[in-house]
Amino acid sequence: MPITPVDKIWMDGELLDWDQAQIHVLSHALHYGSGVFEGIRVYETAQGPAVFRVHDHLKRLFRSAHLYHMEIPFSIQALSDAITDTVKANGLTACYVRPIVYRGYGEMGVNPLQAPLNVCVATWPWGAYLGEHALEHGVRVKISSWKRNDQNSLPTSAKATGQYINSVLAKLESVHAGYDEAIMLNQHGFVTDGSGENIFVVRDGVITTPPISAGCLDGITRESVMTIARDLGYEVREENLVRTDLYHADEVFFTGTAAEVTPIREVDDRRVGEGTRGPMTKELQGTFFAATTGELDAYSSWLSPIG
Ligand code: PPE
């Protein structure tokens, strides 16, 4: 998706002009994928723009960094303030936020410990990840022939830049075959997630999503939707799913910061349900959007207003 440039990017404590936010071509992260990042959304609410679950996202960023022996030289609060400052400096009311911590310039070779650690926060307007049409009518997905990176190769509990090359393989395969998105299985054949989304299945009124131990990201939208679904009175299970569970489902949908709640209308050329957004997906999606835009008091703690 093309990037829409805005005015400023926060780099190592300073707000720089968008075009000045550059790094050296010999930066460690470019060569070895040694970065960790987050994707966060800012939504427009009646009280002005608000960041969705910023502390949960930043806690995950620190967990990802911890795994790769990165000592982030800023506190969670400082990064939260950096996000607020960047969104304000860019005059954005709703946008995507991309904090990234990466090994910078100064050291080559796989051992990264002498390379500097840099921290950036970029923001830009980002619409529906899989398209506006997809939010209402759903996407067509293909189960990838590429397996999800194994927990003991590239841990899926972290959001590291390098591991996304696995998602890129799956995404490219699906796009070349004419689908919108890929779903990846783990080495044991159980469903994990999409290239950049968690996955849910609805059957006979029960909602099921793979457990984190299957090798999916511990998604914050996933957790939000599970909470909303339980609050609405639905039974929610975290259980391993096989590919035929997707074929036999009444409804299937993706969740993610970028993808929000996106229905899946077809899996491997098999229509899911009525072949469009199902009623439970619609209800969960509607409640999720009402929560993100501050219309539901029950979820107001998920929003941090940008003063
Ligand atoms: N699985 C994967 C592999 C993943 O990348 C994401 C987020 C999720 C699940 C959902 O997690 P959460 O955002 O916490 O609900 N993918 C991010 C990056 C997408 C991109 O293309 O870049 C995102 O949605 O921000």
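The values are calculated or read from the model by the stated rules, or taken from the named source; none is laboratory data. Owing to the predicted nature of the structure, the values given are computational and were not obtained by experimental measurement. Cβ coordinates were reconstructed from backbone atoms using ideal geometry, including for glycine residues, and neighbour counts include every protein chain displayed. Keep in mind that these areas ignore ligands, DNA and RNA; they rest on the heavy atoms of the full protein, side chains included. Shrake-Rupley method; radii C 1.70, N 1.55, O 1.52, S 1.80 Å.
Could you please give the count of residues in segment 26-57 that are within 18 Å of Ala115 (Cα to Cα) and open to solvent by 30 Å² or more (accessible area, probe 1.4 Å)?
Of the residues in segment 26-57, 4 are within 18 Å of Ala115 (Cα to Cα) and open to solvent by 30 Å² or more (accessible area, probe 1.4 Å).
If a residue must be more than 15 Å from the ligand (Cβ to nearest atom) and either β-branched (Val, Ile, Thr) or within 16 Å of Gly194 (Cα to Cα) (or both), how many such residues does segment 253-273 contain?
Total meeting the criteria: 6.
Could you look through segment 191-223, keep only residues that are more than 14 Å from the ligand (Cβ to nearest atom) and either in a helix (DSSP H, G or I) or of a type outside the set (Asp, Glu) (or both), and pick out the one that is surrounded by the fewest Cβ atoms within 10 Å (Cβ to Cβ)?
Of everything passing the filter in segment 191-223, Gly205 is surrounded by the fewest Cβ atoms within 10 Å (Cβ to Cβ).
Before we move on, is Ile23 of a type in the set (Val, Ile, Thr), in contact (Cβ under 8 Å) with a residue 60 or more places away in the chain and either open to solvent by 70 Å² or more (accessible area, probe 1.4 Å) or part of a helix (DSSP H, G or I) (or both)?
Numbers: of a type in the set (Val, Ile, Thr): yes; in contact (Cβ under 8 Å) with a residue 60 or more places away in the chain: yes; either open to solvent by 70 Å² or more (accessible area, probe 1.4 Å) or part of a helix (DSSP H, G or I) (or both): yes.
Judged against the criteria, Ile23 is a match.
Residue-wise test of (1) closer than 24 Å to Phe288 by Cβ; (2) over 19 Å from the mean Cα position of the chain (by Cα); (3) aromatic (Phe, Trp, Tyr).
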residue	(1), (2), (3)
Arg103	no, yes, no
Val110	no, yes, no
Ala134	yes, no, no
Ser145	no, yes, no
Gln151	no, no, no
Leu154	no, no, no
Gln163	no, no, no
Ser167	yes, no, no
Leu172	no, no, no
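Can you tell me which residues in segment 88-106 are under 14 Å from His28 (Cα atoms), open to solvent by 30 Å² or more (accessible area, probe 1.4 Å) and either in contact with a Leu (Cβ under 8 Å, 6 or more places away or on another chain) or hydroxyl-bearing (Ser, Thr, Tyr) (or both)?
Tyr105
Against the condition over 28 Å from Ile165 (Cβ atoms), among the acidic types (Asp, Glu) and either surrounded by fewer than 16 Cβ atoms within 10 Å (Cβ to Cβ) or in contact with a Lys or Arg (Cβ under 9 Å, 6 or more places away or on another chain) (or both), how does Glu14 come out, does it pass?
Against the criterion (over 28 Å from Ile165 (Cβ atoms), among the acidic types (Asp, Glu) and either surrounded by fewer than 16 Cβ atoms within 10 Å (Cβ to Cβ) or in contact with a Lys or Arg (Cβ under 9 Å, 6 or more places away or on another chain) (or both)), Glu14 qualifies.
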